[in-house]
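Note sheet for the following structure.
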Amino acid sequence: MSRNLLELQNITKSYDGQLILDDLTLDIHENSFVTFLGPSGCGKTTTLRIIGGFEKPDKGRVLFDGKDITNLPANKRQLNTVFQKYALFPHMSIEENIAFGLRIKNKSESYIKDKIKYALKLVNLDGFEKRSIDSLSGGQQQRIAIARAIVNEPRLLLLDEPLGALDLKLRQEMQYELIRLKNELGITFIYVTHDQEEALTMSDYVVVMNQGYIQQAGSPEQIYNEPENAFVADFIGDSNIVPGVMLEDYLVRIFGAEFKCIDAGFGTNKPVDVVIRPEDVEIVDDDDPRAILHGEMTHIIFKGEIYEMECTTPDGFEWLIHSTELHEPGKKVGLYVKPSNIQIMNKPESEDEEALGVEE
Amino acid sequence: MKNKSSRYLASPYIIWIVGFIVIPLLTIVYYGFTDKSGAFTFSNIAEILVWENYRPLYRSLILSAVSTLVCFLLAYPLAMILRWYKIGRGSIIVFIFILPMWMNSLLRILAWQTLLERKGVINGILTAMHLPEQHLINTTAAVLIGMVYDFLPFMILPLYNALMKIDDNTINAAYDLGASFWQVLTKIMLPLTVPGIVSGVTMVFVPALTTFAISNMLGGGKIYLIGNVIEQEFMQDSDWNQGSGLSLVLMMFVIVSMLIVNHFDDKKDMGRGGVI
């Protein structure tokens, strides 16, 4: 693992008596693509603004490359921001927008010219120098905003929901663009989004936030496959979250049926939450020996690449199932889950932790 | 859309424009270019070259330019503060700054007369503090104070509107790219508020250039402006030809100064900072 470029230490911030960030601590490695993911109001944008220098934390420190920058104003920080809705300067041409930071730093005009050309090429907008801002589409404006930031050769680029205003197709295209840019520039990206798919696609490291706390931080695979609590499981993709009892190591009881699993160390007869992804619930014949639970198919929606189906078990729980195979409503089926696809989570213990849980 | 009924709908406005703008203007032009017998002449216009007339015009230009500048220097930081603290349009603070606009202008000047008079409020306070009485009223400074006070809200409002239209992130982006406060002000805020500045300058400069009430009440007839000259031609000398001729000259100065000011306004419409 490479060293830390940015360290957030015990950051606390509140507005009008409302706690936005509560004792947040996080290390960001040099040259990584980190995503802050969470619903609106979770504190992800505030965290970004504190890193960018537009907000001061009430408590805690921000270290950049080992140096305390908590009180350093935004214009003195070695990082740049790509804002939501681009924030281009409307009275300047594209060229002038991109040159803004370089002119402030009194770079020579020939250097600036080369840099503009390089940056426009990097964002696939060669030859756009003289165009006006209003003549650009949303996606192009976003590319200019990125170009304007990266010509300053920041060591850290902050992106605040940069693709939020774009349509789906363009958004997917820009996701690949951003990954490519990140690799070509070799700098650290911190990306803020509420879109879990975006986060999983692009990042090396995902920080899931809710109500001012980091719920879980890890690789996209870790976040998706091993969610640490019900909030993460629910927020990242669809999931079946069911109450269970850990009978002993590697054995969990769900709705009276015993499932083999691969988790251990929870103790015996311990109540837990169990997460099973919809694509991991396998539908088998009712009399198949593998069937652990039995139920009746109730709903079906065709989603394109898969069918989204629901199967109601006798206890009344509706299992969400994704499969390429169609099972008509009314059909009696058996359900089976591979041990490795069962994710066991501790139940929230205190009220405080309960408050972090899933909001319906 | 250009059918007959829509044309009829416009008729009240056309009657208004013709009756209250075009006809009076033509009347002024007629009087301005004729003598008492009705014969065509340039002499009314040429009167401006007389020392007694061009001296007040010159004084008016200087005073209105200075008062516009003072208004701008007071209003811009104020509008920036209002923006900085996110003081919205409906707030009491903005209301207080705009409130004088709804009061009769003469009343506002009368209030200053009471303050500045020889036995007025300010001198009363000075006397009470055993300080020497000051000669305040009937000076150029008094007229300037009157102008600035009277027209300041007309500068604040368009500047405030223009500043409020700038997105926070546009300013944050400039800081993010390394700009200092001064660079943000000169490279981002001032250029983006040009439409508001043009509106504000127009709204202050034109009434200040043509005023006669302020100089009458705070200048005591000693600070003689072009407005006073024209007023005198009409009211005291009953010389409509002379008054109209000088009015036309003044109108030319207004038009020329507006052309100069509007030259700075970008062709691109970035949201004009309207008055209300």
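Pairs only if they're at least six apart or on different chains, beta carbon under 8 angstrom, first in region A:259-279 and at positive phi, second crowded, with 18+ Cβ neighbours inside 10 Å; list them, first residue then second.
Short answer, once both residue conditions are applied: A:267/A:246; A:269/A:246.
At least 1 residues that are within 13 Å of chain A (Cβ to nearest Cβ) in each: list the helices (runs of 4 or more DSSP H) lying fully within region B:159-257 that qualify.
B:168-176, B:194-210
Quick one: residue B:76 ticks every box in (1) at pLDDT below 95; (2) surrounded by 12 or more Cβ atoms within 10 Å (Cβ to Cβ) bar one, so which box is it?
(1)
Restricting to region A:66-100, name every residue that is more than 12 Å from residue B:170 (Cα to Cα), charged (D, E, K, R) and either facing another protein chain (nearest Cβ under 10 Å) or within 28 Å of the chain's Cα centre (by Cα) (or both).
A:67, A:68, A:76, A:77, A:96
Quick one: in region A:171-184, which of the residues that are buried (at least 17 other Cβ atoms within 10 Å of the Cβ) and more than 17 Å from the chain's Cα centre (by Cα) is modelled with the lowest pLDDT?
Restricting to residues being buried (at least 17 other Cβ atoms within 10 Å of the Cβ) and more than 17 Å from the chain's Cα centre (by Cα), the top hit is A:177.
Quick check, is residue A:153 among the acidic types (Asp, Glu) and farther than 22 Å from residue A:66 by Cα?
Here the answer is no, as residue A:153 does not meet what is asked.
Residue check: is residue A:63 more than 14 Å from chain B (Cβ to nearest Cβ) and modelled with pLDDT under 95?
no
The rows are residues; the columns are (1) of a type in the set (Asp, Glu); (2) touching a Pro at 6+ places or on another chain (Cβ under 7 Å).
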{"position": "A:236", "(1), (2)": "no, yes"}
{"position": "A:240", "(1), (2)": "no, yes"}
{"position": "A:245", "(1), (2)": "no, yes"}
{"position": "A:253", "(1), (2)": "no, no"}
{"position": "A:260", "(1), (2)": "no, yes"}
{"position": "A:265", "(1), (2)": "no, no"}
{"position": "A:277", "(1), (2)": "no, no"}
{"position": "A:285", "(1), (2)": "yes, no"}
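Condition (residue is of a type in the set (Phe, Trp, Tyr) and closer than 30 Å to residue A:138 by Cα) applied to region A:14-21: is it met by at least one residue?
Here is the first cut: in region A:14-21, the ones of a type in the set (Phe, Trp, Tyr) are A:15.
Narrowing the set further to residues that are closer than 30 Å to residue A:138 by Cα leaves none.
No, that holds for no residue.
Can you give me the number of residues within region B:61-82 that are among the β-branched types (Val, Ile, Thr) and within 12 Å of residue B:204 (Cβ to Cβ)?
3
Using beta carbons and a limit of 6 Å, which pairs, at least six apart or on different chains, have the first residue in region A:10-28 and at negative phi and in contact (Cβ under 8 Å) with a residue 12 or more places away in the chain and the second one acidic (Asp, Glu) and not in a strand (DSSP E or B)?
Close Cβ pairs (under 6 Å, with a partner that is acidic (Asp, Glu) and not in a strand (DSSP E or B)) amount to A:12/A:58; A:13/A:58.
With the condition kept exactly as written, say whether any residue in region A:81-94 is on the phi < 0 side of the Ramachandran plot, of a type in the set (S, T, N, Q) and modelled with pLDDT of 95 or more.
yes
I need the strands (runs of 3 or more DSSP E) fully contained in region A:208-254, keeping only those with at least 2 residues that are outside the structural domain of residue A:40 (by TED's automatic domain parsing) and either in contact with a helix residue (DSSP H, G or I) (Cβ under 9 Å, 6 or more places away or on another chain) or modelled with pLDDT of 90 or more (or both). Spell out the reasoning first.
Details: elements: A:213-218, A:240-248, A:251-254.
In region A:208-254, A:240-248, A:251-254 are the strands (runs of 3 or more DSSP E) which contain 2 or more residues that are outside the structural domain of residue A:40 (by TED's automatic domain parsing) and either in contact with a helix residue (DSSP H, G or I) (Cβ under 9 Å, 6 or more places away or on another chain) or modelled with pLDDT of 90 or more (or both).
So which of A:30, A:55, A:7 ends up being buried (at least 17 other Cβ atoms within 10 Å of the Cβ) and acidic (Asp, Glu)? Let's see the steps before the verdict.
Working: A:30 fails: buried (at least 17 other Cβ atoms within 10 Å of the Cβ); A:7 fails: buried (at least 17 other Cβ atoms within 10 Å of the Cβ).
The unique qualifying residue is A:55.
Go through (1) facing chain B (nearest Cβ under 8 Å); (2) in a loop (DSSP other than H, G, I, E, B); (3) touching a residue at least 12 places away in the same chain (Cβ under 8 Å) for residue A:162 and report which single condition fails.
Looking at each condition in turn, residue A:162 falls short on (1).
Please indicate, with yes or no, whether at least one residue in region B:165-185 is buried (at least 19 other Cβ atoms within 10 Å of the Cβ), out of contact with any Asp or Glu (no Cβ under 7 Å at 6 or more places or on another chain), more than 20 Å from residue B:103 (Cα to Cα) and among the acidic types (Asp, Glu).
yes
Among the listed residues B:94, B:148, which satisfies the condition of being β-branched (Val, Ile, Thr), touching a Ser or Thr at 6+ places or on another chain (Cβ under 7 Å), touching a residue at least 24 places away in the same chain (Cβ under 8 Å) and assigned to a helix (DSSP H, G or I)?
The match here is B:148.
Among (1) within 13 Å of chain B (Cβ to nearest Cβ); (2) closer than 14 Å to residue A:88 by Cβ; (3) not hydrophobic (A, V, I, L, M, F, W, C), where does residue A:153 come up short?
(2)
Give B:99, B:131, B:136, B:106 a once-over and let me know the one that is at pLDDT 85 or above and in a helix (DSSP H, G or I).
B:106
Just one of the numbered conditions (1) more than 30 Å from residue B:156 (Cβ to Cβ); (2) part of a helix (DSSP H, G or I) is not true of residue B:37; which one?
The number of the failed condition is (2).
The values are calculated or read from the model by the stated rules, or taken from the named source; none is laboratory data. For clarity, every value in this text was computed on a predicted model and none was experimentally measured. Counting neighbours? That spans all protein chains shown, and the Cβs are built from the backbone with ideal geometry, glycine included.
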